[in-house]
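Inspection log for the structure reproduced underneath, given as C-alpha cells.
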Amino acid sequence: MDMNEIKEIFFQECEEQLAELESGLLKMNDGDRDPETVNAVFRAVHSIKGGAGAFGLDDLVAFAHVFETTLDCVRSNKLEPNQDVLKVMLKSADVLADLTNAARDGGSVDESRSRGLVKELEALANGEMPSPSASVEAPAPRAAAKAAPAPTPKPTDDSGFQPVPFSFDDFGGEGDAGDMPTYEVIFKPRYELYSKGNDATLLLRDLSRLGEMTIYCNTDDLPGLEELDPEGAYFFWNVTIKTDKGEDAIRTVFEFAEWDCELTVKPVEEARADATSNDELPMVPVPFDLSILDETGATEEVSASDARAEETAAAVAAAETASNVTQMVAARVEKKESAAAAAAAASAAAQNNAAGAGQTIRVDLDRVDRLINLVGELVINQAMLSQSVIENDTTGTSSINMGLEELQQLTREIQDSVMAIRAQPVKPVFQRMSRIVREIADMTGKSIRLITEGENTEVDKTVIDKLAEPLTHMIRNAVDHGIETPEKRAAAGKNTEGTVRLTAKHRSGRILIELADDGAGINREKVRQKAIDNDLIPADSNLSDEEIDNLIFLPGFSTADKISDISGRGVGMDVVKRSIQALGGRINITSKPGHGSVFTMSLPLTLAVLDGMVVTVAGQTLVVPLTAIVETLQPEAAAIHSFGANHRLISIRNSFCPLVDVGRILNFRATQANPVEGVALLVESEGGGQRALMVDAIQGQRQVVIKSLEANYTHVPGIAAATILGDGRVALILDVDAVVGASRGQSLKAEMSLAAVG
C-alpha cells in the first residue's frame, strides 16, 4: 500500500467523521445536551486533526485545533452551547469540510471566511476558558521562546545520534490548590496509542487543566540506541495532581485512549499504602517539565540537571509526541511509509471498535459494479437455460428441471445479496442538505429549520449519487421561493421560523422522498401568467391546478422577480424533473396556498434489476414492473362500459376504473382491441390513481436485468428501459406512469421533449 492509498483511506475516514460531526451538532442545536453527543462531536474533530497532522495538512490542522479547543470548552461545561454558539460551530463544520475537500482535491477555500470563523471560535473559547489555555495560544510567547538560544546537545555514542532539544511550558495549574484532594496517576501508553494519531503530551496537557500537577517520567524500559524501535513506547509517567474535579474527571481525559494505555488513578494515600506493601524496590523517576507544542510542532529549550536528563527529555519528546515529530523520526529509520500505513490501519480499526459497528471492509466501487454486471449476466443465462430446457423437455419432472429450479433460487439469492452490498442509507445526502439550508437562509435573511426523517432508509448507491443535484435545486427553491420572510410570516400569523421537512420511506418496492415546506404555497395565478409571458403556454389555455403547478418544471421557467445568486435564470426545477426521470422516477406536486407545498419523488430502489410481468401487446413483448400491478383481471363483456367516443371503463367490485389500451397508446395498432379477448392489469401510478391496462396475454412473472435504452439507443416515449429475455430477445420495460398520463390526455411526445431538454 503506497502513501496515496493511505491518504485516500484517511479522507474516506474524514467523510465519516464530518458526517458524525454535523449530525451531533444538529442534535445539539435541537436541544440535545447528552455528554455522549458532545463527546462524539469533539472526537470527530480531534480525529480529523490527528490524521491531518500525520500528512502535513497544516491548514486543516490549524483550523481543527481552534475548533477542537472551543468544543473542549463545551465538553468541560465552560461554554454553554446556545443557538448563537452552535451557529458558529455549524459554520465551522462547513469550513472544516471545505478544507478537507481542498486538501483532497487540490481546491481552495475562502480564506476570509475561515479566518473570520477562527476569530469567532477563539472569542468563544477565550471568553469562557481559564487563562492558561489562552496564554498558551498567544503568538507572542512562542515568538520570544523561538528567539531564545538552545544549548548544543552532545552525542550519546559513536553513531552520531544527538538528542533533540525540546521545550515544555509549565503544566501546573494556576492558583492555590489549598486542601484539595490529591491523586496519583500512572499513565503508560502502548505503541497503539501513537499509531492512531494520539499524543501523550496533549493528554497530559488536558490533565494539567484539572489542577496543580507534578510529573515524573520513568525511563527504565528505554533500550540502547541500536535496539530503539521508532514505533515503540518506552516511557510512562507518574503524575501527582491536586484537583476538586474527582477521579471521574481524571479518567475522562483519557477516555478516548484508555484501550491503548495502562491507566491507574488512585487517591495519593491509597497509592502510597500500596507502594509500602509492595516488596519491590521503589522506582526512581526522572522529573521534567512539559510544554504545549505550537501548531507547527516547533519546540523551545528544556533545562536539565545533566546530560542524561537532557537526553531523556529529548527522547520523550521525540518518541512520545508522535503526531508532531513522526516525520523526523521516520526519516532517520527509513520507515515513514510503513509507520503511516500502520497508523491509518489502526485508526480505522479503532474507530470501528469505538463505534461498536460490525466488521467491515472497503471495496473499490468499480469491483462491486463489475460483480453486479456479472450477476446480471448470470440471471440472463439462467433464464436462457431454463427456456431451452422447457422447449426440449415436456415431462416437467426430470432431474434437470429440478436442478434448474434450485439454480433459479440460488441465482435469486446471489442477486439479492449482491444488490444489498450497494444498498446505502440516504443519510449522507440528507446531511448535505442541512448546509445548503443554512447558506441560503443566511443569504435571504430567513430563519429556517430543516427536519429530516427516514435517514436510514436504504437505496442503491447509484440512486443516492444522483439524488444530490435534484435535492439541492429543490431545497434552494423551497427556501428562496417557498418560505416567506420573517416579517411576512409574522403578518400571516405564522412562526417566524420556517420549516422544511425532508422525508424518505419505502413503499411498494420503491423509495419515496418528500420535501415539504410550510411557506406560502404556489401562487398559481403568477405561475400561469409567467408561463404565458414566456410563450410556454397559449393565453387561452384552460389548465387545472395540478397542470399549473407542473408548469414550474418547464425549461426556462422562473417566477423570480430579479436574478440573484440563488435563482432567477430559469434553471433548476426542469433539471430536477429531468434528473428524476433519468433515474426511472416521477415527481409530483401538491400545494395549498398559504400553507406550503409538498414535492414527492418516487424512485426505484435499484437501477439494476426488477421483478416484472412479461406480457404480449400487438405481437410485441413488454415487461410491466410488478410493483405497479395491484391485480390481474379477465374482463367480461358485462363489465365493460363505453364513455364518450374513445374511452371505456371497467367495473371492478362496484367501482369504475378507466380501461387503457396499451397497444393503442404506444401506437402498436391503429384501432382499439377487444378487451374481452385480452387481460387487464390493474395498476397504481404515482400521481394518477388506478388504471386498468389492457394487454393481449400474460407470459409469466420474471426477474429481469435492466438495460438503459437511452444509453444504448435513444429515449422511447412510454418505455422506461429494456431487458434481455431467456430466449435472447430484447423486451421493452413499460413506463407505467407515462402510459397512465397519456390516458389522461397528456402527450407522450411532450413528456419525451421535457425529459430530453438539456
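The numbers here are math on the coordinates, done by the rules we state, and not lab data. Please read these numbers as outputs of a predicted model, since none were measured by experiment. Quick reminder, even Gly has a Cβ in these numbers, built from the backbone with ideal geometry, and neighbours come from all protein chains shown.
Observations, loosely collected:
- The protection proxy used here, the mean number of other Cβ atoms lying within 10 Å of each residue, ranks peptides 462-473, 366-377, 199-210 as follows, highest first: 199-210, 462-473, 366-377.
- Long-range tail of P(r) for segment 365-424 (Cα pairs > 18 Å, %): 42 percent
- For the listed residue pairs Lys7/Lys87; Lys446/Lys488; Lys526/Lys592, the alpha carbons are over 21 angstrom apart in Lys7/Lys87.
- Trypsin sites (Lys or Arg not before Pro) restricted to DSSP loop in segment 1-66 with at most 14 other C-beta within 10 Å: Arg33
- For segment 3-129, the alpha-carbon coordinates run over 40, 30, 21 Å along the three principal axes, in decreasing order.
- Dipole magnitude of segment 365-424 about its Cα centre (Cβ charges: Lys, Arg +1; Asp, Glu -1), debye to nearest 20: 220 debye
- Using R0 = 22 Å, the C-beta based FRET efficiency linking Gln83 and Glu439 works out to 0.80.
- Counting 0.36 nm for each residue step from Asp535 to Ser642 and taking away their Cα separation leaves a gain of 34.8 nm.
- Scaled against the 2.2 N^0.38 Å expected of a compact globular protein of N residues, the Cα radius of gyration of segment 426-604 reads 1.01.
- Dipole check for segment 3-129: with +1 at the C-beta of Lys and Arg, -1 at the C-beta of Asp and Glu, and the Cα centre as origin, the magnitude is about 300 Debye.
- Using alpha carbons only: equivalent-ellipsoid semi-axes of segment 402-465, gyration tensor based, whole Å: 43, 9, 6
- Contour minus Cα-Cα distance for Glu262 and Ile451 (0.36 nm per residue): 63.7 nm
- Among 691-701, 82-92, 529-539, 220-230, sorting by the average number of other beta carbon atoms lying within 10 angstrom of each residue, highest first, gives 691-701, 82-92, 529-539, 220-230.
- Every Cα-Cα pair in segment 600-735 was counted, and those over 22 Å apart are 38% of them.
- Gain in span if fully extended, Asp545 to Asp105, counting 0.36 nm per residue against the direct Cα distance: 153.8 nm
- With all projection directions averaged, the alpha carbon convex hull of segment 452-497 covers 4.1 nm².
- Point-charge dipole on Cβ atoms (K/R +1, D/E -1) for segment 609-756, about Cα centre, debye to 20: 220 debye
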